[in-house]
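Chemist: The following block contains the structure, expressed as structure tokens.
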Amino acid sequence: MPEGEYSVPSEEPLTWQRIETDDPVYKELIEKNKSVVTRHLFGLQELNTLKNIQDELEKNPEDGLFYKSVANSFLRTSLLELQKISYIDKGIGLENLIYEVMDDDEDVKKNLIQIFPDCFLKTEEMGLMIVNSYEISNNIEKIPLNLYKNILEIHVRNHQKHEKEITEKHLEMQAKLIKKIEDGISAGIFPLDIKKVKEKLSKIKVVAGDFLLYSDFNSQDGDYDPDNETAVLPTGEVSIVREDDLDFEHYQEYVYTHEMMHALSGIAVLGGKKNGEDFSETRLQRLGMRIEGKFTWLNEAITEYLTLKIFNKEDSNAYNNERRILQTMINKGVPESLFINAYFENQEPGKGSPAIKKLIKTINEKCGTRFLQIIDDSVDLYGLGLMADELTRENEK
Ligand SMILES: [Zn+2]
């Protein structure tokens with residue numbers, strides 16, 4: 001081959017096929033992902049960068065002005081990032097952050113009130129309240145950078161405290177949930193094996209979510225990632241608990257329950273291999289009712305429906321439209337048990353998926369052919385709210 005030329009070995013495409021849900025290659029991949037520390041914490045990166053800049057400054061004091069301006073530009077960028085978050089989540093995160101830092105530090109509190117005198121109100125019953133967070137986010141550059149750095153330090157320190165608390169509380173929540181699922185199994189609601197439930201729940205990693213990053217983006221404060229079996233829960237800094245009838249403690253447990261339903265839901269796993277080789281890659285094809293990224297609305301509807309059942313709660317503020325669509329199917333005669341059985345069914349190779357097939361067949365009969373597919377295709381176009389309105393109206397006729 002002439003110098004300077006090289007050949008790229010042609011990539012042989014992988015062929016995918018269904019593998020056991022407890023395939024060792026798949027399990028190993030999850031454990032590997034789980035061991036990676038993922039820290040979703042607003043401000044941490046900025047503070048680490050500032051620390052590095054400070055170190056450089058000490059080594060090169062003659063370049064003091066330069067390093068100072070670099071540090072300031074980092075803080076200014078972060079402040080604008082906070083402003084952006086505040087516009088997206090309607091000021092909820094920023095409000096929580098201000099309450100958090102004012103609770104923690106009297107000087108920071110005094111400073112903030114001085115900078116934004118019209119944005120706070122002191123009342124007898126409620127104490128000091130933020131009455132105009134929009135004004136604060138619109139004028140966020142009024143916060144001096146050294147004060148902002150202080151705010152970030154408080155936020156990061158508090159978060160690390162919460163992370164420790166959640167690790168301790170996690171086992172307590174787990175034991176309570178196992179008891180409730182045990183009751184649900186006896187009542188014939190959950191088609192689950194309690195031994196497997198215990199085994200699975202004990203493996204889930206539970207971390208604290210930063211309310212600035214997990215706030216109002218999807219009307220929920222938690223998250224579950226099946227690829228690293230990690231659940232994110234809200235921390236005690238959230239002043240706005242989304243469920244009016246729950247105090248924070250119970251709200252956190254409620255979110256935990258929702259995320260653990262995802263963790264316990266049935267899966268289908270694909271293994272990818274090149275000709276004649278062992279599996280070199282695996283991927284999750286299905287989690288609960290979410291199949292290849294589709295039917296997320298149905299998956300969340302059933303997850304929240306089960307969470308309500310476990311909590312003996314009538315209604316919640318989460319996934320309303322999704323649950324309304326689920327309800328129209330139940331009203332048309334699709335038994336609730338079919339949804340639950342399908343949701344928890346693992347798909348093992350060679351065994352088929354009788355519960356999922358039965359659910360889809362029944363939905364087609366009761367609600368019309370390709371009902372789920374049609375809803376799923378229309379969601380992007382019309383939005384869930386409109387679809388739920390239309391179906392509910394039709395249902396009431
Ligand atoms: Zn969910």
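The values are calculated or read from the model by the stated rules, or taken from the named source; none is laboratory data. Treat the numbers as computed from the prediction; the structure is a model and nothing was measured. Cβ placement follows ideal geometry from the backbone for every residue including glycine, while neighbour counts extend to all protein chains displayed.
Chemist: Select from the range 292-322 the residues that are more than 14 Å from the ligand (Cβ to nearest atom) and outside any helix (DSSP H, G or I) and write down the one among them that is farthest from Gly383 (Cα to Cα).
Modeler: Applying the filter and picking the extreme gives Asn312.
Chemist: Would you confirm whether any residue within the range 19-32 is modelled with pLDDT under 90, surrounded by 13 or more Cβ atoms within 10 Å (Cβ to Cβ) and not assigned by TED's automatic domain parsing to the domain that holds Leu147?
Modeler: no
Chemist: Could I ask something else about it? Which of the residues that make up the range 168-191 are of a type outside the set (Val, Ile, Thr), surrounded by fewer than 17 Cβ atoms within 10 Å (Cβ to Cβ) and not in a helix (DSSP H, G or I)?
Modeler: Answer for the range 168-191, where residues must be of a type outside the set (Val, Ile, Thr), surrounded by fewer than 17 Cβ atoms within 10 Å (Cβ to Cβ) and not in a helix (DSSP H, G or I): Ala187, Gly188, Pro191.
Chemist: If you don't mind, another one. Determine which member of the set Pro234, Pro144 is modelled with pLDDT of 95 or more and out of contact with any Leu (no Cβ under 6 Å at 6 or more places or on another chain).
Modeler: Just one listed residue meets the conditions, Pro144.
Chemist: Continuing with this model, one more query. Just give me the residues in the range 111-128 being surrounded by 11 or more Cβ atoms within 10 Å (Cβ to Cβ) and in contact with a helix residue (DSSP H, G or I) (Cβ under 9 Å, 6 or more places away or on another chain), in sequence order.
Modeler: Asn111, Leu112, Ile113, Ile115, Phe116, Cys119, Phe120, Leu128
Chemist: Right, next: Just the residues that are within 15 Å of the ligand (Cβ to nearest atom) and free of Cβ contacts under 8 Å to residues at least 24 places away in the same chain, please, taken from the range 276-291.
Modeler: Across the range 276-291, the qualifying residue is only Arg290.
Chemist: Here's another thing I want to ask about it. How many residues are closer than 16 Å to Leu147 by Cβ and in a helix (DSSP H, G or I) if we restrict to the range 104-125?
Modeler: Count: 13.
Chemist: If you don't mind, another one. Looking for whichever is in contact with a strand residue (DSSP E or B) (Cβ under 8 Å, 6 or more places away or on another chain), surrounded by 12 or more Cβ atoms within 10 Å (Cβ to Cβ) and not in a loop (DSSP other than H, G, I, E, B) here; the options are Glu141, Glu163, Glu153. Which one fits?
Modeler: Sole residue among the options that is in contact with a strand residue (DSSP E or B) (Cβ under 8 Å, 6 or more places away or on another chain), surrounded by 12 or more Cβ atoms within 10 Å (Cβ to Cβ) and not in a loop (DSSP other than H, G, I, E, B): Glu163.
Chemist: Of all the residues that make up the range 323-338, how many are more than 23 Å from the chain's Cα centre (by Cα) and either of a type in the set (Lys, Arg) or within 15 Å of the ligand (Cβ to nearest atom) (or both)?
Modeler: Residues meeting the conditions: 1.
Chemist: Also: Tell me the residue from Lys273, Lys361, Lys357, Lys351 that is surrounded by fewer than 21 Cβ atoms within 10 Å (Cβ to Cβ) and either within 16 Å of the ligand (Cβ to nearest atom) or in contact (Cβ under 8 Å) with a residue 60 or more places away in the chain (or both), please.
Modeler: One residue alone meets the criteria, Lys273.
Chemist: Quick check on my filter: what residues within the range 115-140 are within 16 Å of Glu95 (Cα to Cα) and of a type in the set (Asp, Glu)?
Modeler: Asp118, Glu135
Chemist: Restricting attention to the range 22-80, and to residues there that are of a type in the set (Ser, Thr, Tyr) and free of Cβ contacts under 8 Å to residues at least 40 places away in the same chain, which single residue is nearest to Gly91 (Cα to Cα)?
Modeler: Filtering the range 22-80 for residues that are of a type in the set (Ser, Thr, Tyr) and free of Cβ contacts under 8 Å to residues at least 40 places away in the same chain, the one nearest to Gly91 (Cα to Cα) comes out as Thr77.
Chemist: On to the next question. State whether one or more residues within the range 314-337 are in contact (Cβ under 8 Å) with a residue 24 or more places away in the chain, closer than 27 Å to Thr15 by Cα and surrounded by 15 or more Cβ atoms within 10 Å (Cβ to Cβ).
Modeler: Scanning the range 314-337, I find no residue that is in contact (Cβ under 8 Å) with a residue 24 or more places away in the chain, closer than 27 Å to Thr15 by Cα and surrounded by 15 or more Cβ atoms within 10 Å (Cβ to Cβ), so the answer is no.
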